[in-house]
């Protein structure tokens, strides 16, 4: 899938507006690794598309890319689950202090 198609599909299906810089940032961090064609265009598989959705949603929730990368590497959702539980506790604490 070409870059323009990827961005349009992301927005239409999820509302995620992932521009070139955001996707390039994910690639530089090693969160995604799209295949490069002979003309150096990125070719995104469905798996890469799903990873971009996953990373975008988690970064929007405030999970740092270091933790996301660890979760992808380990293929273990417990890393993210723990981070989200901690964020939930912090939100509840903030509400009690209002």
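The values are calculated or read from the model by the stated rules, or taken from the named source; none is laboratory data. These numbers were taken from a predicted model, which means no experiment stands behind them. Don't worry about glycine lacking a Cβ; one is built from the backbone with ideal geometry, like all the others, and counts go over all protein chains shown.
Below, the figures for the structure above:
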| quantity | calculated |
| --- | --- |
| Qualifying position, being more than 26 Å from residue 27 (Cβ to Cβ) and at pLDDT 85 or above, among 68, 91 | 91 |
| Search result, residues across the range 44-63 that are outside any helix (DSSP H, G or I) and crowded, with 16+ Cβ neighbours inside 10 Å | 44, 63 |
| Number of positions in the range 64-76 that are surrounded by 10 or more Cβ atoms within 10 Å (Cβ to Cβ) and free of Cβ contacts under 8 Å to residues at least 24 places away in the same chain | 7 |
| Total residues in the range 15-43, condition within 23 Å of residue 66 (Cβ to Cβ), out of contact with any strand residue (DSSP E or B) (no Cβ under 7 Å at 6 or more places or on another chain) and either modelled with pLDDT of 70 or more or not in a loop (DSSP other than H, G, I, E, B) (or both) | 14 |
| Scope the range 34-61; condition touching a helix residue (DSSP H, G or I) at 6+ places or on another chain (Cβ under 6 Å) and closer than 23 Å to residue 90 by Cα; matching residues | 55, 58 |
| Meets criteria (under 30 Å from residue 5 (Cα atoms) and in a helix (DSSP H, G or I)) for residue 72 | yes |
| The lone exception for residue 3 - which of (1) surrounded by 13 or more Cβ atoms within 10 Å (Cβ to Cβ); (2) modelled with pLDDT of 70 or more; (3) more than 29 Å from residue 78 (Cα to Cα) it fails | (2) |
